[in-house]
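For reference, the structure is listed below as structure tokens.
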Amino acid sequence: MFVFDWGGLYHQPALGWLTAGVVTTLAVTVAAVPLASILAVVIAALRLERGLLRWSAIAVIELFRNTPLLVQLLFWYFAGFAALPRSWKRWIADSHPWAVLPPGVPLVTPEFLVAVWGLAVFTAVFLAEEIRTGLSAVPAGQIEAARAQGFSRIDVLRFVLLPQAFLNAWQPLVGQFLNLMKLSSLASSIGLGEITYQARTIESYNAHAVEAFAVGTVLYLIIGLAMGRLLIWLGPQRPGSRRRAAAEAHLVETGGDAL
Amino acid sequence: MVPVENAAPKIEFRGVAKRHGAVQAIRGVDLTIRSGEVVVICGPSGSGKSTLIRLINGLETISDGEILVDGALVSSLRGKALRSLRTRIGFVFQQFNLYAHLTAEENVSLALRRITGLTPAAARDRALGLLDRVGLADKPASFPHQLSGGQQQRVAIARALAMNPDILLFDEPTSALDPEMIGEVLGVMREVARSGITMIVVTHEMGFARQLADRIVFLDEGRVLEEASPEQFFSAPVHERTRRFLSQIRSPLHTTDG
């Protein structure tokens, strides 16, 4: 019968590797989520335009939605990164002591930057489609009302459509953010030292494969559970929800100074 | 105050036509609306009433002819100039069209903050004042879905007034309301009409037309069939089509053509 032997994990160097793995997974997620969101809003907005802009948005969505993320990461790492200006590559290759997280996780590396970019682009096209669904749920009358008030197209999007799209689509959006976190495991293939990469390192170091991947799985689970709850809590609130009502009561008390 | 009949032209329609594909919604309308005038537009459904007022602020584009607001050709305005015209024209919709994610106060103050650039506190003050004016001083924090139809339409009127427009357009403002809520909205419209603002109201509320309109325009199949003072319109309509419309509105079960 198989006997678990956890000793191979909580001794150095394995423990340090796992810690670095968790920090890297968190860092890549924290960096890629906002980037993906910005890209998604741009793609969704272009998707609403007519003509060439619309078709290029559709092309980008279809390209990144229908090809494997692993292939995309390898493409960005080998082809994309190589195409960067030489001065950028030289700068990235330099040492950046200010950009190192404890316990020694460097952030300005080709692996980290490519992982953030690749995950963000891949996630953005899915987010863009969720946002578009959220946008189409907003009644057209509100767009007319905003145009009649003198809002420009971009301001209608900013102040009327997007807030409601995010509200309507927040649950599926959170699902995509969780996917991003889990898919960061694929960045182990380009050498990013995240959780999966570190579990494999431990496996090749002391052959404790089952224990290492069991711990890795639990770490993803914990991060995912925490992240999902945090994003729901931070996310837009339904009009009239309890937390929003409390915030508004506070606003009334303070006479709106917080605005 | 200058008597309405001597006031300067505010809105002029000159040979206005509008086609929706093959459908001819407006066929050659000439109409001048003077500053401070309250004009009611009525007519059978499909006669082009809504289209006519939607052309004024460029919500729809004109196919032929021209519309001038304060002497400026609406169809020549683009981008910023068109948006600036729209801030001077309040529009109230049949379906209210309030921003669902914003409270009543935020619905009214959004344009003040984002277009006029008022500080949040100043915009809020003005919004609360307008909500008070439409009788909703106790509802600033309510969301549209928490308000009745009549209350939503009053918020919409406050929103239309927010930018201090000199023209207000109403597109069947009471048609989507339950009967017991029509009165509260008409009450607010009456108060606004007396403030001297130029108002064009598409409505079937003949009581409102009789009391407050300076002029009634009867539209049929995209043409102005009759244009008269309320007294004349109700007591001595010229056209057979107008008489039939009026008798149908007065007693809907009575039909003259059947």
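What follows draws every value from the coordinates through simple rules; no lab data is involved. From a predicted model like this one, the values you see are computed outputs, not experimental measurements. Cβ: placed from backbone, ideal geometry, glycine included. Neighbour counts: every protein chain shown.
Brief remarks follow.
- The range B:217-241 and the range A:12-37 have their alpha-carbon centroids 75 Å apart.
- Note on chain A: with a GNM built from Cα contacts shorter than 10 Å, the maximum mean-square fluctuation among A:A40, A:A209, A:A20 falls on A:A209.
- GNM remark for chain A: springs join alpha carbons under 10 Å apart, and the peak mean-square fluctuation among A:Y220, A:Y205, A:Y197 falls on A:Y205.
- Amide proton proximity set for B:F91, modelled H, under 5 Å, gap of 5+: B:L169
- A:E49, A:E111 arranged by Cβ crowding within 10 Å, fewest neighbours leading: A:E49, A:E111
- Projecting the Cα atoms of B:G187, B:T32, B:I62 onto the charge dipole of chain B, computed from C-beta unit charges around the Cα centre, puts B:I62 farthest toward the positive end.
- Rounded Å value of the spacing that divides the Cα centres of the range B:59-96 and the range B:104-175: 21 Å
- Chain A: most fluctuating residue of A:P103, A:P163, A:P139 per GNM, C-alpha cutoff 10 Å: A:P139
- The charge dipole of the range B:44-93, taken about its Cα centre with unit charges on the Cβ of Lys, Arg, Asp and Glu (plus for the first two, minus for the last two), comes to roughly 280 debye.
- Rounded to the nearest whole Hz, the Karplus-based 3J(HN,Hα) values (6.51 cos²θ - 1.76 cosθ + 1.60, θ = phi - 60°) of the range A:151-158 follow the sequence 6, 6, 3, 5, 6, 4, 5, 5, with x at glycine and proline.
- Of all beta bridges that DSSP places with both ends in chain B, some 55 percent have antiparallel geometry.
- Selection among A:I43, A:A120, A:Y10 by position relative to the dipole of chain A gives A:I43 as farthest towards the positive end (Cβ unit charges, Cα centre).
- Estimated vicinal HN-Hα couplings, Hz - the range B:200-206 in sequence order (Karplus 6.51, -1.76, 1.60; Gly, Pro = x): 10, 10, 8, 7, 9, 7, 6
- Given charges at beta-carbon only (K, R positive; D, E negative), |dipole| of the protein assembly as shown in Debye: 760 debye
- Integer Hz, Karplus 6.51/-1.76/1.60 couplings in order for the range A:84-101, x for Gly and Pro: 5, x, 4, 5, 5, 4, 5, 5, 5, 6, 4, 8, 10, x, 6, 10, 10, 8
- Taking 20 Å as the straight-line reach from the Cα of B:K80, none of the lysines fall in range once those fewer than 8 positions away in the same chain are excluded.
- Helical runs assigned H by DSSP (4 residues or longer) give chain B a calculated mean residue ellipticity at 222 nm of -10500 deg cm²/dmol, each run adding -39500 (n - 2.57) before division by the residue total.
- Amide H contacts under 5 Å for B:A213: none, restricted to partners 5 or more places along the chain or on a different chain, H placed in the peptide plane at 1.01 Å from N.
- Magnitude of the charge dipole, the range A:1-102, Cβ model with Lys/Arg +1 and Asp/Glu -1, debye to 20: 460 debye
- Amide H within-cut-off set for B:E226, under 5 Å, with H built and near neighbours excluded: B:F218
- Projecting the Cα positions of A:F151, A:L52, A:A187 onto the charge dipole of the range A:15-254 (unit charges on Cβ atoms of Lys, Arg, Asp and Glu, taken about the Cα centre) puts A:F151 furthest along the positive direction.
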